Amino acid sequence: GPCPDGWRRHRCSCYYFSNNSKTWSESRQDCRERGADLLIINSREEQHFLNTLGGKMHFWIGLTDSEQEGIWKWVDGTTSTTTQFWREGEPNNAQGGENCAVFNSFRDTLGIIQSWNDQPCSLLIHWVCNYTPNVS
Ligand code: 2F8
Ligand code: CA
C-alpha cells in the first residue's frame with residue numbers, strides 16, 4: 001500500500017501511532033524525522049475516523065497556542081477556527097500553562113463525543129504523526 005509498514009492508511013493519508021510517550025516538541029521532532037508532522041485534523045470526517053479507532057485515545061496533535069495565547073495554530077501555520085471538537089470547557093489554559101492540544105476522546109452522558117483538551121506541552125504523552133503521500 002501507499003503507507004510504510006507500521007503506518008495506518010485512511011483515505012489519502014498515512015497515520016503513525018506512537019508506542020511511547022514524549023513531550024509535544026519531542027513528539028513533533030519524531031514525526032519530522034519520519035518525514036511527517038504531528039497530526040493535523042482537517043475535517044469532521046477525519047475527527048470521526050479517529051474517534052472510531054478506540055484503544056488508547058490520548059495523544060498529541062499538531063495544534064498549539066505557544067506563539068500567542070488563545071490563537072490555536074496547526075503545525076502547518078494555519079489558524080484553527082474549530083470550536084466543535086474541543087471538550088466542554090476547553091481550551092482553558094488551566095493554571096496558565098496549557099499550550100498544546102491532545103486528542104482525548106470520551107463519550108459524555110448524552111453520548112456526545114468530547115475530544116480535544118489543552119495540556120502542558122511538557123507532559124509525556126503518546127502522539128500521532130501524519131502525512132499525505134504525493135501521487136506520482
Ligand atoms: O477539568 C479539566 C481539566 O482537567 C485537568 O486539570 C485539572 C487538566 N490538566 C492536565 O491535564 C494537566 C486540564 O487540562 C483540564 O482542562
Ligand atoms: Ca485544559
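Applying the selection to the range 107-128, what residues are open to solvent by 30 Å² or more (accessible area, probe 1.4 Å), more than 10 Å from ligand 2 (Cβ to nearest atom) and within 15 Å of the chain's Cα centre (by Cα)?
If the condition is that a residue be open to solvent by 30 Å² or more (accessible area, probe 1.4 Å), more than 10 Å from ligand 2 (Cβ to nearest atom) and within 15 Å of the chain's Cα centre (by Cα), then Cys121, Leu123, Leu124, His126 are the ones that fit.
Please specify each residue of the range 113-135 satisfying the condition of being in a loop (DSSP other than H, G, I, E, B) and within 16 Å of ligand 1 (Cβ to nearest atom).
Result: Pro120, Cys121, Ser122, Leu123, Leu124.
Could you please let me know if Ser66 is open to solvent by 40 Å² or more (accessible area, probe 1.4 Å), more than 14 Å from ligand 1 (Cβ to nearest atom), among the small types (Gly, Ala, Ser) and at pLDDT 95 or above?
yes
Does Gly54 meet the test of being away from ligand 2 (no atom under 16 Å from the Cβ), within 26 Å of Pro4 (Cβ to Cβ), open to solvent by less than 50 Å² (accessible area, probe 1.4 Å) and at pLDDT 95 or above?
no
Give me the strands (runs of 3 or more DSSP E) completely within the range 1-111, filtered to those with at least 1 residues that are more than 13 Å from Tyr131 (Cα to Cα), ordered by residue number.
Here the list reads 58-64, 100-107.
Can you list residue pairs whose Cβ atoms sit under 7 Å apart, with the first residue in the range 107-127 being on the phi < 0 side of the Ramachandran plot and the second being away from ligand 1 (no atom under 11 Å from the Cβ) and among the basic types (Lys, Arg)? Count only pairs 6 or more apart in sequence or on different chains.
Final answer for the pair search is Ile113/Arg107; Leu124/Lys22; His126/Lys56; Trp127/Lys22.
Every residue in the range 89-106 that is at negative phi, loosely packed, with under 14 Cβ neighbours inside 10 Å and modelled with pLDDT of 90 or more, please.
Asn92, Ala94, Gly97
I'm checking my understanding of the structure. Among residues of the range 71-96 that are in contact (Cβ under 8 Å) with a residue 12 or more places away in the chain and of a type in the set (D, E, K, R), which one is farthest from ligand 2 (Cβ to nearest atom)?
Within the range 71-96, the match that is farthest from ligand 2 (Cβ to nearest atom) is Asp76.
Applying the selection to the range 19-34, what residues are more than 15 Å from Arg8 (Cα to Cα) and open to solvent by 40 Å² or more (accessible area, probe 1.4 Å)?
Matches in the range 19-34: Asn20, Ser21, Lys22, Ser25, Glu26, Arg28, Gln29, Arg32, Glu33.
The values are calculated or read from the model by the stated rules, or taken from the named source; none is laboratory data. Bear in mind that the values here come from a model prediction, so they are computed numbers and not experimental data. Cβ atoms come from the backbone with ideal geometry, glycine included; neighbour counts cover every protein chain shown. Heavy atoms of the whole protein, side chains included, go into the accessibility calculation; ligands, DNA and RNA do not. Shrake-Rupley method; radii C 1.70, N 1.55, O 1.52, S 1.80 Å.
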